[in-house]
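One structure is given here, and the rest of the page talks about it.
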Amino acid sequence: MHHFEEELTCSICYSLFTDPRVLPCSHTFCRNCLEGVLDLSGNFSIWRPLRILLKCPNCRSVVEIPDSGTESLPINFALKSIIEKYRQEDHSDVATCSEHYRQPLNVYCLLDKKMVCGHCLTIGKHNGHPIDDLYSAYIKEKQSSGKILEQLTDKHWVDVYLLIEKLKEQKSQCESVVQDDKKVVVLYFKKLSDTLEHKKQALLSALDEINRQVLEEYDPLIENLKKMREEQLELMSLNTSIQKEESPLVFLEKVDGVYQRIKALKEKQLPDVKPVEIYPRVGHLLKDVWSKTEIGQINKILTPKIKLIPKRKLQSKSKEKERGKSKELLQAVNPLTVMLLFVIVAIALFAFPKLVSSFGIETVPTYISEFLLSIYQGFCAHLQTIADALCRKFNLLSLPLILNRAGAWG
C-alpha cells in the first residue's frame, strides 16, 4: 500500500475515511468508528451523563466528547476533500478488494495469510481474525524464513530423491524389456515373413511349371490345327479362283491338284483330345491344409507336385475300379479254391486274432475286403448247391424202392 494512501486510512476500520471527525487530541477517525468505540465503552445508558469520556485509539489519552455526541465533533474538511479527490482519480496500480468496491488491500490477515481491506475485517468474512500491517508481516516472515529452509532440507526430501531414483531404475528396466520384446517381435515376424515368402515363391514356381506343361501340351496341337484351318481357307480361295478358269485343260489340271490337297488334308490325323485337369488344386490346398495349420508348422508343409492328369470322377471311378478287381478275382478262382481259401482265412482269424488285428483295417484295400466277402458268399452258395444235389440224388435212389413196396401192397 502506498504511504499516501495510509494517511487516508482510518486506524480503526483500515478503510478510507468516511465522514472524518477530529478528536480533541487532534487524531482523526471515521464518525461511525467513533460511535462503535463509544458503544463498546458503555458510556451510553438510560441516563445520559453530563460528560462523555473516550480513550483515543491512537494515543490512548482520555478526551471529552460533547454531550451531543460525535455529531458535534469538528469535521476534518481538508482530509475529506483530499479523500474525495483521491477517489475521483484513477488508481489502477493500487490493489483493491474484489468483494468491496474500491477498498484498498491494506491489512494482512495472519490467519488466512492474505491481504484484505478494512471492510473485510469489520463486516466481511475476516471479522475477528488476527491482523497486521503489510510491512510488519513482511519483516516477521522474513525473519522466520530459516524454518522454511529447514523444512526443505529434512529427511523427507531425501526419501523423495531415493524414490525418484528407484522409479527411474524401474522405468529403465521396463523400457529395456519392451525394447528386447520389440526385437523379438521383429525377428519373429521377419522369419515368418521369409518363410511365407519362400512358400509363396515355391507355389508360384510350381504353378509356373504346370503352366509350362499346359503350353507344351496344347500349343503344338493348336498350331497344327491352325495350319490345317489356314490350308482349308487357302483351298477355298483357290477353288473360287479355279471356278473362273475358262480353259478346260487348265481347269482340269488345277481341279485335280485341289482334290489331291483336300484328300491329303483330310487324311491328316486329328489329335485325340482327352480332357485333363490340374491336380492338386492350390486353392483347395490353401483352404484345406494351410488355413488349418499352425503358424509355426507352415515351414513343414511340403510344396505339392502339380500334374496334368486325365479328368475323371475320382470317388466313383475308384470305387468301380475296386469292385471290378474283386469281380475279376472272384471269376478267376475255382470254386474248390474259393472254399479252401475261405477255410484258411477263417482258421487265421480264429487262431491268430492278434496277428490279424496288428495289420489294421486301414491297410486292407477295399477291393480285398469285398473279395473276401464275395468268397464267403460264394462258399455259402456252393454249400447250398452241394446240398441240393445230394437231396436230388437221394430221391432218385429211393424212388424204385418206394414203387416196389407200393405194388406189393396193392
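We did not get these values from a lab; they are worked out from the coordinates using the rules stated. Values in this document were obtained by computation on a predicted structure and should not be read as measured data. A quick note on method: Cβ atoms are made from the backbone with ideal geometry, for glycine too, and the neighbour counts reach across all protein chains shown.
Worth a mention:
- Within straight-line cross-link reach of Lys183, aspartates and glutamates at Cα separation under 15 Å, skipping those fewer than 8 residues along the same chain: Glu175
- Cross-link table Lys191/Lys292; Lys227/Lys274; Lys227/Lys305; Lys85/Lys140; Lys227/Lys311, entries beyond 31 Å C-alpha to C-alpha: Lys227/Lys305; Lys85/Lys140
- Entries of Lys226/Lys254; Lys182/Lys300; Lys190/Lys287; Lys113/Lys171 with Cα pairs more than 31 Å apart: Lys113/Lys171
- Environment charge of Pro220, counting only residues whose C-beta is closer than 12 Å and scoring Lys/Arg +1, Asp/Glu -1: -2
- Relative protection proxy for 113-125, 243-255, from highest mean packing down: 113-125, 243-255 (other beta-carbon atoms within 10 angstrom).
- Nonlocal amide H pairs with Val276, under 5 Å, H built at 1.01 Å: Lys311
- Each residue of the stretch 236-246 was assigned a 3J(HN,Hα) from its phi angle through the Karplus curve 6.51 cos²θ - 1.76 cosθ + 1.60 (θ = phi - 60°); the sequence is 5, 5, 5, 4, 5, 6, 5, 4, 8, 6, 9 Hz, with glycine and proline shown as x.
- Principal axis analysis of the Cα atoms in the stretch 178-268 yields extents of 101, 23, 10 Å, listed in decreasing size.
- For the stretch 65-73, putting each phi into the Karplus relation 6.51 cos²θ - 1.76 cosθ + 1.60 with θ = phi - 60° gives couplings of 9, x, 5, 7, x, 5, 5, 8, 5 Hz, in residue order, rounded to whole numbers and with x for Gly and Pro.
- Evaluating 6.51 cos²θ - 1.76 cosθ + 1.60 at θ = phi - 60° for every residue in the stretch 84-89, the Karplus couplings come out as 4, 5, 5, 5, 6, 7 Hz, glycine and proline recorded as x.
- Projecting label points 7 angstrom from Cα along Cα→Cβ for Ala264 and Ile139 puts them 13.9 nm apart.
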